[in-house]
Amino acid sequence: MQTLINRIAIFSLVAASFAAGCNNNANQQPEESKEVAEDKNDAKFKTDSSEHNAQFVVDAANGNIAEIRLAELAQQKSTNKEIKEIAKTLYDDHTAALNDLKVLASNKSISIPADVTDDTKQDLQKLTDEKPSSFDKDWTDKLMNKHQKTISDYEAALGTVTDADIKNWINTVLPKIRMHHHKLMALNSRLKK
């Protein structure tokens, strides 16, 4: 009888410990895909230059994924023909850039994110909730600013990235990003009228 009581007590303690552990995990937020990729790369790469190269690839992949999702949203939500056209161009070009970057990352053993960050999810939700009358202008502003930042980041990376293949990728995509930015600026000024 005493053995049965001991077993029940031990089982109760194990069950309580398990339940407490489950509750702690339930309250934790899962790590973002970008953070997971960064952690994996930090574990793999030990020199400053290889870590810097990997971080650029992670950031570039993250930016392209965000552009793809924002382009999809505009294709679905906008009624403006010009926005739908530029959104299709953005979708096609950023998908191609991301696919090339995935191959490059794989060849270099660089982990990249599979999904957008929480900040991008919030931006997408905010734009989704926009009234149709303000969506086009807000979307164009957002994309114009994102492309300007990307151009600045990529131009700076050309001076700091040490991997020749990554530099070649930047030199390949940078003209398209500049063209996107130019089209977005022109569209933005037409929307202001």
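The values are calculated or read from the model by the stated rules, or taken from the named source; none is laboratory data. Please read all numbers here as calculations on a predicted model, not as lab measurements. All Cβ positions, even for glycine, are placed from backbone atoms using ideal geometry, and neighbour counts span all protein chains on display. To get the accessible areas, we keep the full protein, side chains included, count just its heavy atoms, and leave off ligands, DNA and RNA. Shrake-Rupley method; radii C 1.70, N 1.55, O 1.52, S 1.80 Å.
Which value, in debye to the nearest 20, describes the size of the charge dipole of segment 36-152 about its Cα centre when Lys and Arg Cβ atoms bear +1, Asp and Glu Cβ atoms bear -1, and nothing else is charged? Spell out each step's value before the answer.
Values: 17 positive and 22 negative charges, 39 e Å.
Taking the Cα centre of segment 36-152 as origin, the dipole is about 180 debye.
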Using a 1.4 Å probe on heavy atoms of the protein chains only, the accessible area for Y91 in Å², nearest 10, reads 80
With x for Gly and Pro, the residue-by-residue ³J(HN,Hα) of segment 136-146, computed from phi through the Karplus equation 6.51 cos²θ - 1.76 cosθ + 1.60 at θ = phi - 60° and given in whole Hz, is 4, 5, 5, 5, 5, 4, 4, 5, 4, 5, 4
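With 15 Å as the cut-off, how large is the P(r) tail for segment 110-193, expressed as percent of Cα-Cα pairs? Before the final figure, lay out the partial values.
On the way: 2347 of 3486 pairs.
Of the Cα pairs, 67 percent sit more than 15 Å apart.
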Two pseudo-spin positions, 7 Å from Cα along C-beta at M179 and at D138, lie apart in nanometres by 3.0
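Give me the extension gain from D115 to Q148: residue separation times 0.36 nm, minus the current Cα-Cα distance, reported in nm with one decimal. Please list the in-between numbers first.
Details: separation 33, 0.36 × 33 = 11.88 nm, distance 2.20 nm.
Answer, rounded to one decimal: 9.7 nm.
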SASA check, S33, accessible area w/ 1.4 Å probe, all protein chains in place, rounded to nearest 10 Å², comes out at 30
Regression test value, accessible area per residue of segment 125-193, probe 1.4 Å, units Å², expected 57
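If I compute solvent accessible area with a 1.4 Å probe over the protein chains, what percent of it on segment 55-193 is carbon and sulfur?
Values: 3510 of 7080 Å².
Carbon-and-sulfur percentage of accessible area, whole number: 50.
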Between the modelled labels at D42 and R190 (7 Å from Cα along Cα→Cβ) the distance in nm is 4.6
Distance in Å, no decimals, from the C-alpha centre of segment 33-86 to the one of segment 146-193 is 13
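Calculate the all-directions average of the projected area of segment 27-111's alpha-carbon convex hull, and give it in nm². Let's see the in-between values first.
Values: hull surface 28.6 nm².
If you wrap the Cα atoms of segment 27-111 in a convex hull and average its projections, you get 7.2 nm².
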